[in-house]
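J.: The following block contains the structure, expressed as structure tokens.
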Amino acid sequence: MVVIRGALNLNVQEKGQFKYKAISGTNHVTQIAALKITGTINMDFAEDAIGRFTTEKNGFSGQDPTISVTSPNYILFDATSGKSPLGSIALNLTRKDSDGYRYPINYLKSGQKELTANMTGNRSITASTINSGESVVYGPCTANYELQCCSYGRR
């Protein structure tokens, strides 16, 4: 569980990486991966940046993050097999670039599914939007092989 008083502003610079993993353990046995923020959660991912949010628990809950993207490599939310990483949060994505490349949103649920072929403007994504899929990725991971590589850390 992450507990922050006030706003959380995360800025991942060009070619930077940010990875967060919520794990289960003997000292924290709850099955909720909570983002306990009293303010807002704002994240910026620059060109070729990577964001990965993984949980071994039942999915992220808490404050809905606002994620601004400018041509990142990928932003991935994933969970252990059979669980949705989004839990009760909504990802609020805003695409700021206009570089001409396609940035699809894909998810895994009994194979790869495409939510949108090219995300533009703003988009809100919830667990129900992706049919409680095991992962959701924004970025140019378009082939099933690449999505699975992103999901399982081989990229």
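J.: What residues have an amide H closer than 5 Å to that of Met119, excluding those fewer than 5 places away on the same chain, when H is modeled at 1.01 Å from N in the peptide plane?
T.: Tyr103, Ile105
J.: I would also like to ask the following. Would the stretch 36-102 count as rounded, prolate or oblate if I go by the C-alpha gyration tensor, calling it rounded below 1.5 in a/c and otherwise prolate when a/b exceeds b/c, oblate otherwise? Walk me through the numbers on the way to the answer.
T.: Values: a/c = 2.57, a/b = 1.50, b/c = 1.71.
Because a/c hits 1.5 or more and a/b fails to exceed b/c, the stretch 36-102 counts as oblate.
J.: Right, another one. Given a Förster distance of 30 angstrom, what is the FRET efficiency for Lys15 paired with Ser61, based on the Cβ-Cβ distance and rounded to 0.05? Could the numbers behind the result be given before it?
T.: Numbers: r = 31 Å, r/R0 = 1.02.
So, using R0 = 30 Å, E works out to roughly 0.45.
J.: Using only protein heavy atoms and a 1.4 Å probe, report how much of Tyr107 is accessible, in Å² to the nearest 10.
T.: About 20 Å², rounded to the nearest 10.
J.: Among the lysines, select those whose C-alpha is under 23 Å from the C-alpha of Lys109, and discard any that sit fewer than 8 residues away in the same chain.
T.: Answer for Lys109, where 23 Å is the Cα cut-off: Lys19, Lys21, Lys57, Lys83, listed by chain and number.
The values are calculated or read from the model by the stated rules, or taken from the named source; none is laboratory data. Keep in mind that this is a model prediction, so the values were computed, not measured. Using ideal geometry, Cβ is built from the backbone for each residue, glycine included, and neighbour counts are taken over all protein chains shown. We work out accessible area using only protein heavy atoms, side chains counted, and drop any ligands, DNA or RNA first. Shrake-Rupley method; radii C 1.70, N 1.55, O 1.52, S 1.80 Å.
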